[in-house]
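A short write-up of the structure that comes next.
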RNA sequence: GCGCCUGUAGCUCAGGGGAUAGAGCAACUGCCUUCUAAGCAGUGGGCCGCAGGUUCGAUUCCUGCCAGGCGCGCCA
């Protein structure tokens, strides 16, 4: 559709005495599709021309010649409303999609550019809770959205495998857990130890001190500390891999914070050499008062590093290795200040990375009663949620389609799809209240609805045994159900670009919902197989184009496009 | 106290200077002898948190206030 808007702008430009680009930027989409495809409000023109807006619109409507592009040009209440030639638009979009598939209209604006996306990044020794769902699915989706635009995407899982928490865990393990089989109980056991530590530490501050001491020893290379650390790490990574496998997510690099350990000293040195580091109460800080922010802590007074130090080292590492256009961090909004500080320090250092850091923040997952807390053991395990969702999908399949082949796999894809889409359909920034009924809903604006729609389209194509070639029928292309669907298909590429620009997978999610809705309307009202030969061929081409775009949209969100369900 | 974010239908959310503010869920109703009813269609439901300001025009931008969430030096 964008190409038609561009063409229209060029044709309109001479009449409006403005460059085509400006005309394009004036265009709006009317609230009611019946009014047209494009509206140009003439209110701002009124001032310059010193005429009533309605008069200007009427004059333009009378004089402009849009032969071969528009069906209808009318002036309504100060707006110039234009409806494109239906047949022209529909033919172009359907034949374009038939010819080029998902690449139709994709300008590949990311060609020869890179973007590094840091997402998921769970902490070792903590279970993979529902709270980690958001960063994981948003990051995964963004990585695919950017790749779709031609970007070379580097997906990094920045595992939290360093820090005082390990001291805590070592203390808890030596005190309460020695001899237990970690290999058997895995993260559950570590989680219980972590919770127990915090319970005990409330009454006994000495435990905190001991924990910090253990972390200091770990940083110092103490072999005993190191051995425990390796053990915890191994146990946790096993669990993470299981979750990623169920979700179908892969990374280019799974690098723990510990990976940057060798870069910490040089990074601090660099900052110090630039005269940015100062001692304050024994701690090494970068003053950020010039940015109106609290200082950034590089080193604790005991000499141990903090995660900000590791983030700095990691940002420099990534920027110098990949020279990306953007360094994305898909991290909860509670860390907004941290990333503003990170960018500020990099800017003070004169590093290009300072302008590339983009904090893709998102709202908190919480209970109706309040926030979740790993420390208090008050969380929901993502694996439990996925499991229940998959069971639910399996039960529905059993009830509706017991003959289905590969039931277990499809139940997995649909169950996971419900959870993933349930998260992505909302704007990132909103907090989410955890609710079993809502997260396990399969009706309405849900993942299963999209997958079901895709399966419907697939079923039609299967039954038709693919006779989509042939001449297109204007009648079938421009009826009241086909035309809006086709126009929407033409918006796919710009929608993906918009999602990337705002770092918002929900833009794609909403588009795909609209598309599914429009397709279901079409499906319900237009008989496809068994209509007149030319009409059938045309409608099949529409179904195929829809299936192609729907499948791609689902892919960009990280959902499986199932053939049957 | 300071900073960031959020207030739109009973609930979950879209929209983001412009025309009549839209979906889904829940409630009620209709549609399976025809391509998958996880669907389609209809009904009811709104001081767009409040008050000012900018503008030809504000739910949208600005300011203040109210409510909620999250942060604010040795946790991540």
Item to complete: Answer yes or no: is there a residue in segment A:109-129 that is within 11 Å of RNA strand B (Cβ to nearest atom), over 19 Å from the mean Cα position of the chain (by Cα), in a strand (DSSP E or B) and in the same structural domain as residue A:208 (by TED's automatic domain parsing).
Response: yes
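For segment A:16-42, give me each residue that is assigned to a helix (DSSP H, G or I) and either modelled with pLDDT of 95 or more or surrounded by fewer than 14 Cβ atoms within 10 Å (Cβ to Cβ) (or both). Reasoning before the result, please.
Residues of segment A:16-42 that are assigned to a helix (DSSP H, G or I), as a first pass: A:16, A:20-26, A:33-35.
Answer for segment A:16-42, where residues must be assigned to a helix (DSSP H, G or I) and either modelled with pLDDT of 95 or more or surrounded by fewer than 14 Cβ atoms within 10 Å (Cβ to Cβ) (or both): A:21, A:22, A:25, A:33, A:34.
Which residue out of A:329, A:322, A:317 is modelled with pLDDT of 95 or more and out of contact with any helix residue (DSSP H, G or I) (no Cβ under 7 Å at 6 or more places or on another chain)? Show your work before the answer.
Details: A:329 fails: out of contact with any helix residue (DSSP H, G or I) (no Cβ under 7 Å at 6 or more places or on another chain); A:317 fails: out of contact with any helix residue (DSSP H, G or I) (no Cβ under 7 Å at 6 or more places or on another chain).
Going through A:329, A:322, A:317 in turn, just one is modelled with pLDDT of 95 or more and out of contact with any helix residue (DSSP H, G or I) (no Cβ under 7 Å at 6 or more places or on another chain): A:322.
Kindly evaluate residue A:475 against the criterion of being more than 10 Å from RNA strand B (Cβ to nearest atom), within 24 Å of the chain's Cα centre (by Cα) and either farther than 26 Å from residue A:150 by Cβ or not in a helix (DSSP H, G or I) (or both). Break it down into steps so the answer makes sense when it comes.
Values: more than 10 Å from RNA strand B (Cβ to nearest atom): yes; within 24 Å of the chain's Cα centre (by Cα): no; either farther than 26 Å from residue A:150 by Cβ or not in a helix (DSSP H, G or I) (or both): yes.
No, not satisfied.
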Response to the item:
Within segment A:157-170, the count of residues that are buried (at least 24 other Cβ atoms within 10 Å of the Cβ) and either more than 11 Å from RNA strand B (Cβ to nearest atom) or in a helix (DSSP H, G or I) (or both) comes to 5
Item to complete: Go through the residues of segment A:444-453 one by one and say whether even a single one is under 16 Å from the mean Cα position of the chain (by Cα), part of a helix (DSSP H, G or I) and near RNA strand B (Cβ under 7 Å from one of its atoms).
Response: no
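Against the definition (buried (at least 20 other Cβ atoms within 10 Å of the Cβ), part of a helix (DSSP H, G or I) and over 25 Å from the mean Cα position of the chain (by Cα)), how does residue A:342 come out, yes or no? Reasoning before the result, please.
Values: buried (at least 20 other Cβ atoms within 10 Å of the Cβ): yes; part of a helix (DSSP H, G or I): yes; over 25 Å from the mean Cα position of the chain (by Cα): no.
Answer is no for this residue.
Of everything in segment A:294-320 that's out of contact with any strand residue (DSSP E or B) (no Cβ under 7 Å at 6 or more places or on another chain) and over 28 Å from residue A:210 (Cα atoms), which residue is farthest from RNA strand B (Cβ to nearest atom)?
In this case the residue turns out to be A:320.
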Practice prompt. Tell me, please, whether a residue that is under 30 Å from residue A:210 (Cα atoms) and modelled with pLDDT of 95 or more can be found in segment A:345-361.
Written response: no
Worksheet item: Give me the pairs: first residue in segment A:297-313 and farther than 20 Å from residue A:217 by Cβ and in the same structural domain as residue A:260 (by TED's automatic domain parsing), second residue part of a loop (DSSP other than H, G, I, E, B) and near RNA strand B (Cβ under 7 Å from one of its atoms), beta-carbon distance under 6 Å, and six or more apart or on different chains, which are they?
Response: A:297/A:306
Worksheet item: Assuming residue A:97 fulfils every condition listed in (1) modelled with pLDDT of 95 or more; (2) crowded, with 19+ Cβ neighbours inside 10 Å; (3) more than 30 Å from the chain's Cα centre (by Cα) apart from one, which condition is it?
Response: (3)
Worksheet, complete the sentence: In segment A:268-305, anything surrounded by 20 or more Cβ atoms within 10 Å (Cβ to Cβ) and within 34 Å of the chain's Cα centre (by Cα) is listed as A:271, A:286, A:296, A:298, A:305
Worksheet item: Looking at segment A:407-429, is at least one residue in contact (Cβ under 8 Å) with a residue 12 or more places away in the chain, surrounded by fewer than 15 Cβ atoms within 10 Å (Cβ to Cβ) and more than 21 Å from the chain's Cα centre (by Cα)?
Response: yes
Response to the item:
If we take segment A:228-293, then strands (runs of 3 or more DSSP E) inside it with 1 or more residues that are outside the structural domain of residue A:414 (by TED's automatic domain parsing), within 15 Å of RNA strand B (Cβ to nearest atom) and touching a helix residue (DSSP H, G or I) at 6+ places or on another chain (Cβ under 7 Å) are A:277-280, A:283-286
Item to complete: Run down A:393, A:353 and say which single residue is within 9 Å of RNA strand B (Cβ to nearest atom) and not assigned by TED's automatic domain parsing to the domain that holds residue A:501.
Response: A:393
Item to complete: Please specify each residue of segment A:456-472 satisfying the condition of being near RNA strand B (Cβ under 8 Å from one of its atoms) and either more than 27 Å from residue A:397 (Cα to Cα) or touching a helix residue (DSSP H, G or I) at 6+ places or on another chain (Cβ under 9 Å) (or both).
Response: A:456, A:458, A:460, A:464
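Before we move on, is residue A:350 touching a residue at least 60 places away in the same chain (Cβ under 8 Å), in contact with a helix residue (DSSP H, G or I) (Cβ under 7 Å, 6 or more places away or on another chain) and either under 30 Å from residue A:447 (Cβ atoms) or not in a helix (DSSP H, G or I) (or both)? Talk me through it step by step, then tell me what you get.
Values: touching a residue at least 60 places away in the same chain (Cβ under 8 Å): yes; in contact with a helix residue (DSSP H, G or I) (Cβ under 7 Å, 6 or more places away or on another chain): no; either under 30 Å from residue A:447 (Cβ atoms) or not in a helix (DSSP H, G or I) (or both): yes.
Considered against the rule, which asks whether it is touching a residue at least 60 places away in the same chain (Cβ under 8 Å), in contact with a helix residue (DSSP H, G or I) (Cβ under 7 Å, 6 or more places away or on another chain) and either under 30 Å from residue A:447 (Cβ atoms) or not in a helix (DSSP H, G or I) (or both), residue A:350 comes out as no.
The values are calculated or read from the model by the stated rules, or taken from the named source; none is laboratory data. Given the structure is predicted, the values throughout are model-derived calculations rather than measurements. A quick note on method: Cβ atoms are made from the backbone with ideal geometry, for glycine too, and the neighbour counts reach across all protein chains shown.
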